[in-house]
């Protein structure tokens, strides 16, 4: 029997009654009896405080062994990653710290050169360092300033809108009563210009 | 190895020399001259302030609080101008001074109104609607003065005021004609 033929078969009286009851319940649900409700909840939920099953005990032992001894387990990597930020420094970290302290000790114990260092060398490297630091600071902070404040005028100055007369916005003689409307138009138009300048400075087409 | 010190020094000096150039174009407070400036937040802040002042003045005028309206507008003209020579700033100030002068003359403060017009003409030196408008307002101020003087029987002074009024209107017409003539070849810019 094909699926189409099966679908065309008439329902028995009982099936029809059950279907109508289900539709009625879906359409106009009635309140469940309390004991039915409890049974439904019990069957849907597992008790989180229930004693572990045999299977769960075996699985937890496998995971513990995997974490302690490094034996393979599908969840060991995730748990190790979660634990890492709260764990004590590893051997690698300790080794690195020991190496650093050893270097510091060696530097401290090293005999100082008897030769007096040249002031010229200090001056050149001191000044160079200061100037390079200043240049680095400029590189670091000027882009931020340009984004938060005025658009840059140096790179594509031709593409940025410069202050200019608002006369082209008006085509008729002024009335004193319209002064506020003129202010609105000027402020709105230049607001658009500022937005365009910012986009241009940020490289947004 | 010997060349490293001088090379570093040269590079560093070049970086230092380039710093003020970059800062000039990027810092809001820098006044780099009109050719270097772009429409920036400082200009917008001024324009926004102007807009608010005029709206405030509208509200106060609607309540017949002319003194309050004048106070709102004068905060704009009495404060320091933003750095640079943005034409927008001078145009807004010229228009604001025209309104101040109009309000003053309505309450009989004709001489003070004339001073505002003179200051406004300093903001709008080239022929423009702004300059033309200032002369129109001057004509209105003198008309009001004529009425006030005639009311007190000072006919001769009233006649002089009437002549000044007519002269101001003529000047306004001349300026507007110039503006229209200058705009015509460019195809008359349309308002946005």
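Some observations on this one:
- Neighbouring Cβ atoms from other chains, within 10 Å of the Cβ of residues in A:191-197, number 4 on average.
- Among B:90-100, A:185-195, sorting by the average number of other beta carbon atoms lying within 10 angstrom of each residue, highest first, gives B:90-100, A:185-195.
- Packing-based ranking, highest mean first, of B:113-119, B:127-133, A:171-177, B:72-78 given that Cβ atoms within 10 Å are counted: B:127-133, B:113-119, B:72-78, A:171-177
- Compactness of the stretch A:151-205, expressed as Rg and Dmax over alpha-carbon positions, Å: 14.1, 42
- Using the empirical formula 2.2 N^0.38 Å as the baseline, the Cα radius of gyration of the stretch B:39-183 reaches a ratio of 1.11.
- The mean number of Cβ atoms from other chains found within 10 Å of a Cβ in peptide B:56-62 is 1, as a whole number.
- Peptide B:121-128 is shielded by partner chain Cβ atoms: per residue, an average of 1 of them sit within 10 Å of its Cβ.
- Most tightly packed first, judged by the mean number of other beta-carbon atoms within 10 Å of their residues, the peptides B:150-158, B:81-89, A:34-42 read B:81-89, B:150-158, A:34-42.
The numbers here are math on the coordinates, done by the rules we state, and not lab data. The structure presented is a predicted model; accordingly, all values stated were derived computationally and were not measured. Every residue, glycine among them, receives a Cβ derived from its backbone with ideal geometry; neighbour counts consider all protein chains shown.
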